[in-house]
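Down below is the structure, laid out as structure tokens.
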């Protein structure tokens, strides 16, 4: 019997790439692409106009940070950049659902979550400019360092959540961890092991999967035959699919899952159904593997535009408000551009720092020898 | 002083660490009720509870990955990898995450995780139960790699590893688990030899013999046999494989002019290669012969009916000693 192992498998229940999840999927949506408010019995959400405006501000600024970083990469100031274009609502909605005491574990694309945690966006550039592997103290904003190996951080978050349990901080006034990963990561052993650990230990952790439909060039169909949120049931905890381009829904769903985790009800898998509108990174060329029509379809579901439409539709904001937010975003863009251009290269001896808690004799000797080697060139130049 | 097996000495060391620091968490497969397949954690769960001595799901990457998370939350996890050959599913978490977290965070995040690995052959086991993967970890900057050889060191070194702010890969010579020796369980760690220091275990002026883990006893026996031939071996138990205590090694080789490195791991790309290069650089004018290596062949670990041919023994150590005198 011939078995076709190479072709794409379109299984019952899998999402389709026109942006419409399978009709059986219970996608949580509280704001339509047209900017109309929708209600969901399980996810009531009362936001004041100011709160909606604040979310809009986040979305616009986060997109501006991304745009500026792409420009900096194109101009040779960053080695690479992983764009979040299209995923702003998933990141801002979930990021704003966290309390200061919750701990977030990002991938390398969570610039929007970083913004919500209060991290200066210029810190993000260090990694992409190549001046450090991680530019901030995770404890400052309870935002862990970017993790590049796909899915590895899901175990760190789960272990961290097990620490919260051991600290006795599950229950009333509890804490929780949230970990971000993508659709491709769901194929990693580490992610599946994290699901098992979180499940059997009932750890206070929320798994936030941004299903942006593409793992570089590989479509969702290469990772899963079923919608990703349904994976959770096999591990014994709830899985929810949310419109990842709907900042209201992402906020409401994440709030509820985090609260459940803090109270001791264990993990939740949230699949934020979204779309990577840009390239995987600045080195990628998505025209080689996907159709322009797909992007066009998703542009109609833009996460920023729908909040703007809502604000306009409800008469909550006028032109002056939108101009003010744009001006603020421009300021943030200027700020990170200037910081990037002024960012010094690290001194060569610094590479010997922080390998161990104390430098070993070997590292001391390598540092001294390399410094002497560098000095030898200085002497030659002086002699000339 | 009490007489303990190496396994029991580790058990007592772990018990002391659990008593001394409420942040210490022991975790691994079968470490709870069963007490570990080698009984190293025997009785600990009963005395310290299930949240401090954790029977984990059966996945090594999960063990190390969640240990990293616990460490980021302020805990000091001690992971047991049940057998040497089972560490590889955790390789990414150890090499790409655990080892690099300090540098990635510019010293802001520390992950004081200890990973215990029963290692080495000689117990007639099936495949993947007799390996010596220490060079893979010694090659990785950011990890400390140590091996204990006897009960007294086992007791102190496991505690020092847990206290250490750096991640430590702690190799336990599984065929020596039932070796007995006197252990002082009353003394503190302040008087103990530092974790990164080698120890001279037999004094001699003719040949330096460097060993660690299970090969220390083998080399001690070789030293006794060599003495009958009129040769005095300077046997050094390296204890720390990364960083290496090069000062002790170099001082010995400068005295003897000859050096033999012994380990169970394959010699190709093994720790002996690194030591030979360092010794050659630093003792070139004192060397009377090339640094020789005695170790496993460049093959996968063979079926156990052949392991006595694969593993270095007293005669192969003495053969190498003889060969250093042939130059």
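The values are calculated or read from the model by the stated rules, or taken from the named source; none is laboratory data. Being a predicted model, the structure only gives us computed values, none of them experimental. In this analysis, Cβ positions are derived from the backbone assuming ideal geometry, glycine residues included, and neighbour counts consider all displayed protein chains.
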**Message:** Condition first: assigned to a helix (DSSP H, G or I), over 20 Å from residue B:233 (Cα atoms) and in contact with a strand residue (DSSP E or B) (Cβ under 9 Å, 6 or more places away or on another chain). Now tell me which residues in region B:279-322 satisfy that.
**Reply:** B:310
**Item:** Selection count, region B:191-226, where residues are surrounded by fewer than 19 Cβ atoms within 10 Å (Cβ to Cβ) and either under 13 Å from the mean Cα position of the chain (by Cα) or part of a helix (DSSP H, G or I) (or both)
**Value:** 5
**Asked** Only one of (1) farther than 29 Å from residue A:280 by Cα; (2) in contact with a strand residue (DSSP E or B) (Cβ under 9 Å, 6 or more places away or on another chain) fails for residue A:202. Which number is that?
**Response** (2)
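Out of A:131, A:179, A:170, A:205, report the one residue that is closer than 22 Å to residue A:69 by Cβ and within 14 Å of another protein chain (Cβ to nearest Cβ). Give the steps one after another, and end with the answer.
Details: A:179 fails: closer than 22 Å to residue A:69 by Cβ; A:170 fails: closer than 22 Å to residue A:69 by Cβ; A:205 fails: closer than 22 Å to residue A:69 by Cβ.
Selected residue: A:131, the only one of A:131, A:179, A:170, A:205 that is closer than 22 Å to residue A:69 by Cβ and within 14 Å of another protein chain (Cβ to nearest Cβ).
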**Complete:** Selection from region B:95-128 of residues part of a loop (DSSP other than H, G, I, E, B), within 14 Å of another protein chain (Cβ to nearest Cβ) and in contact (Cβ under 8 Å) with a residue 60 or more places away in the chain yields B:99
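Residues are listed down the side, and each one gets a yes or a no for (1) surrounded by fewer than 17 Cβ atoms within 10 Å (Cβ to Cβ); (2) in contact (Cβ under 8 Å) with a residue 60 or more places away in the chain; (3) farther than 16 Å from residue B:256 by Cβ; (4) in the same structural domain as residue B:138 (by TED's automatic domain parsing):
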residue: B:279; (1), (2), (3), (4): no, no, no, no
residue: B:291; (1), (2), (3), (4): no, no, no, no
residue: B:297; (1), (2), (3), (4): yes, no, yes, no
residue: B:302; (1), (2), (3), (4): no, no, yes, no
residue: B:306; (1), (2), (3), (4): yes, no, yes, no
residue: B:315; (1), (2), (3), (4): yes, no, yes, no
**Request:** Taking the residues in region A:147-167 that are at the interface with chain B (Cβ under 8 Å from one of its Cβ atoms) and not in a helix (DSSP H, G or I) as candidates, determine which candidate is farthest from residue A:190 (Cα to Cα).
**Result:** A:167
**Prompt:** If a residue has to be within 17 Å of residue A:107 (Cα to Cα) and either surrounded by fewer than 21 Cβ atoms within 10 Å (Cβ to Cβ) or touching a residue at least 60 places away in the same chain (Cβ under 8 Å) (or both) to count, how many in region A:168-183 make the cut?
**Reply:** 6
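From the set of residues in region B:157-175 that are touching a strand residue (DSSP E or B) at 6+ places or on another chain (Cβ under 9 Å) and surrounded by fewer than 24 Cβ atoms within 10 Å (Cβ to Cβ), which is nearest to the other protein chains (Cβ to nearest Cβ)? Working first, answer last.
Residues of region B:157-175 touching a strand residue (DSSP E or B) at 6+ places or on another chain (Cβ under 9 Å): B:157-158, B:160-164, B:166-174.
Next, from what is left, pick out any that are surrounded by fewer than 24 Cβ atoms within 10 Å (Cβ to Cβ): B:160, B:163-164, B:166.
Working: B:160: 13, B:163: 11, B:164: 8, B:166: 5 Å.
In this case the residue turns out to be B:166.
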**Asked** Of the numbered conditions (1) surrounded by 20 or more Cβ atoms within 10 Å (Cβ to Cβ); (2) away from every other protein chain (no Cβ under 14 Å), residue B:273 satisfies every one except a single condition; which is it?
**Response** (1)
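List the strands (runs of 3 or more DSSP E) inside region B:140-183, counting only whole elements, that have at least 2 residues being closer than 30 Å to residue A:352 by Cα and touching a residue at least 24 places away in the same chain (Cβ under 8 Å). Full working, then the answer.
Details: elements: B:144-147, B:168-173, B:180-183.
Counting at least 2 such residues, we get B:144-147, B:168-173.
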**Complete:** Residues of region A:168-180 being in contact with a helix residue (DSSP H, G or I) (Cβ under 6 Å, 6 or more places away or on another chain) and part of a strand (DSSP E or B), in sequence order, are A:177, A:179
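Can you name the residue in region B:252-262 that is in contact (Cβ under 8 Å) with a residue 40 or more places away in the chain and out of contact with any helix residue (DSSP H, G or I) (no Cβ under 6 Å at 6 or more places or on another chain) and, of all such residues, is surrounded by the most Cβ atoms within 10 Å (Cβ to Cβ)? Steps first, answer last, please.
First, the residues of region B:252-262 that are in contact (Cβ under 8 Å) with a residue 40 or more places away in the chain: B:252-253, B:255-256, B:258-262.
Checking which are out of contact with any helix residue (DSSP H, G or I) (no Cβ under 6 Å at 6 or more places or on another chain) leaves us with B:252, B:255-256.
Values: B:252: 25, B:255: 16, B:256: 23.
Within region B:252-262, the match that is surrounded by the most Cβ atoms within 10 Å (Cβ to Cβ) is B:252.
Just checking, which of B:156, B:140, B:185 is farther than 19 Å from residue B:307 by Cβ and at pLDDT below 95? Let's see the steps before the verdict.
On the way: B:156 fails: at pLDDT below 95; B:140 fails: at pLDDT below 95.
Result: B:185 is the single residue among B:156, B:140, B:185 that is farther than 19 Å from residue B:307 by Cβ and at pLDDT below 95.
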**Message:** So, in region A:344-370, exactly how many residues are closer than 19 Å to residue B:241 by Cα and assigned to a loop (DSSP other than H, G, I, E, B)?
**Reply:** 6
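For region B:67-87, state whether one or more residues are over 28 Å from residue A:147 (Cβ atoms), in contact (Cβ under 8 Å) with a residue 40 or more places away in the chain and more than 8 Å from chain A (Cβ to nearest Cβ).
At the first step, the residues of region B:67-87 found to be over 28 Å from residue A:147 (Cβ atoms) are B:83.
Then drop every residue that is not in contact (Cβ under 8 Å) with a residue 40 or more places away in the chain, which leaves B:83.
Within this subset, residues satisfying the condition of being more than 8 Å from chain A (Cβ to nearest Cβ) are B:83.
Yes, region B:67-87 has at least one match.
Condition check ((1) assigned to a helix (DSSP H, G or I); (2) surrounded by fewer than 21 Cβ atoms within 10 Å (Cβ to Cβ); (3) under 14 Å from the mean Cα position of the chain (by Cα)) across all residues:
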residue: A:62; (1), (2), (3): yes, no, yes
residue: A:68; (1), (2), (3): yes, no, no
residue: A:79; (1), (2), (3): no, yes, no
residue: A:84; (1), (2), (3): no, no, yes
residue: A:90; (1), (2), (3): yes, no, yes
residue: A:93; (1), (2), (3): yes, no, yes
residue: A:99; (1), (2), (3): no, yes, no
residue: A:125; (1), (2), (3): yes, no, no
